[in-house]
Amino acid sequence: MNEIAIITNKANHLIDPVLHFWGWEIPVYLFLGGLTAGILVLSATLILLQRHREYRWAGSGLLLFAPVLLSLGMGALFLDLEHKLYVWRFYTTFRLSSPMSWGAWILLLVYPLNLLLIAGTLRESFPAVHGWIQARLRGRSADLTARLFAWSERNLRRVAGFTLPVGLGLGLYTGILLSAYVARPFWNVSVLAPLFLVSGLSTALALVMLVTADSREHRFFSRVDLFVVLVEILLLFLLGFSMFTSTATQQAAVHLITGGELTHLFWIFFFALGLALPLFIELMELRGAHVNRRVAPGLILFGGLMFRVVVVKAGQLTSWISN
């Protein structure tokens, strides 16, 4: 007699009736990782174009925020790990086919490159901070720090050239991490990676507008963000179009945001408040209207977080197998 073993996950409460093993930590990690990627891409591009002195916050100031933001994001990711003591194993190997392996090594590269960019731009952009650091160091540490600053300033564009692809890789990785899950139809869309990258760049531009006191810098990056937001809306259209014209399973997945339980979260809290309203405000500012300069960038940052909340939740609610 032949015996057949049938294995099912239907008895697992974390999988049946829907997948729900990711909580708030993953959207926060994806948001802060995308924001950091946007900062690196923006600053590195301005340095390569030799315009970082012209726009102090976009070219160098945000680099001071990036390690803190990324560390907070990785802290959220660490909280989500089931076996926290084994996180070091990510760095004992490298697998070309694993998005998580790529992400772990990209994250490791971000910190030294970010530090070198800070060291290379600090003297010109924030001389008071540079002087404060130098004044508090003594002996060998002061000598090593001075050499680090000098080397970074001499090789600033070279470091920026390395940082740009790393920043792009980090921004794309936050989307690839989800799209690689082929069993989740809402995530398994190729346009998700560039959409996450563009969204991360938009949030970085919003952060510039939020922190800068230079009206010229604010106005310039408001115009740039207008274009980026329009590209993001186009990519969202392509995301919806690719799912509506795909299999019945993906059509059912996209229904979550077009009439299903995530419709209000997507269209009100993300699209309306996080994209359409700040786009309208930025257009009004270009026409000379006086609007609080922090409203639009604040809404864009909120929308960037809500987008990731919706995507992570939607992916866990959908499956190729009918429950």
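General observations
- The chain: DSSP helices with Cα axial extent of at least 20 Å and average Kyte-Doolittle hydropathy no lower than 0.0: 25-48, 62-80, 99-125, 156-179, 192-211, 215-244, 295-317
- When +1 charges are put on Lys and Arg Cβ atoms and -1 charges on Asp and Glu Cβ atoms, the dipole computed for region 49-106 relative to its Cα centre reaches about 220 debye.
- Net charge over other residues, Cβ less than 9 angstrom from the Cβ of ARG56 (K, R count +1; D, E count -1): -3
- Dipole check for the chain: with +1 at the C-beta of Lys and Arg, -1 at the C-beta of Asp and Glu, and the Cα centre as origin, the magnitude is about 1080 Debye.
- Point-charge dipole on Cβ atoms (K/R +1, D/E -1) for region 19-180, about Cα centre, debye to 20: 620
- In the distance distribution for region 28-142, Cα-Cα pairs more than 21 Å apart total 48 percent.
- Local electrostatic count at THR145 - Lys and Arg +1, Asp and Glu -1, tallied over other residues with Cβ under 13 Å: +3
- Value of [θ]222 nm, deg cm²/dmol, for the chain, DSSP H segments ≥ 4, -39500 (n - 2.57) each, nearest 500: -22000 deg cm²/dmol
- Neighbour-count order for MET100, MET74, MET209, fewest beta carbons within 10 angstrom listed first: MET100, MET74, MET209
- In the chain, taking the dipole from charged Cβ atoms about the Cα centre, the farthest positive-side position among LEU178, PHE266, LEU197 is held by LEU197.
- The chain: relative contact order in percent, alpha carbon pairs under 8 Å with at least 6 residues between: 23
Where a number appears in this text, it was derived from the coordinates with a stated rule and is not lab data. Please read all numbers here as calculations on a predicted model, not as lab measurements. Methodologically, a virtual Cβ is constructed for each residue, glycine included, from the backbone with ideal geometry; neighbour enumeration extends over all protein chains shown.
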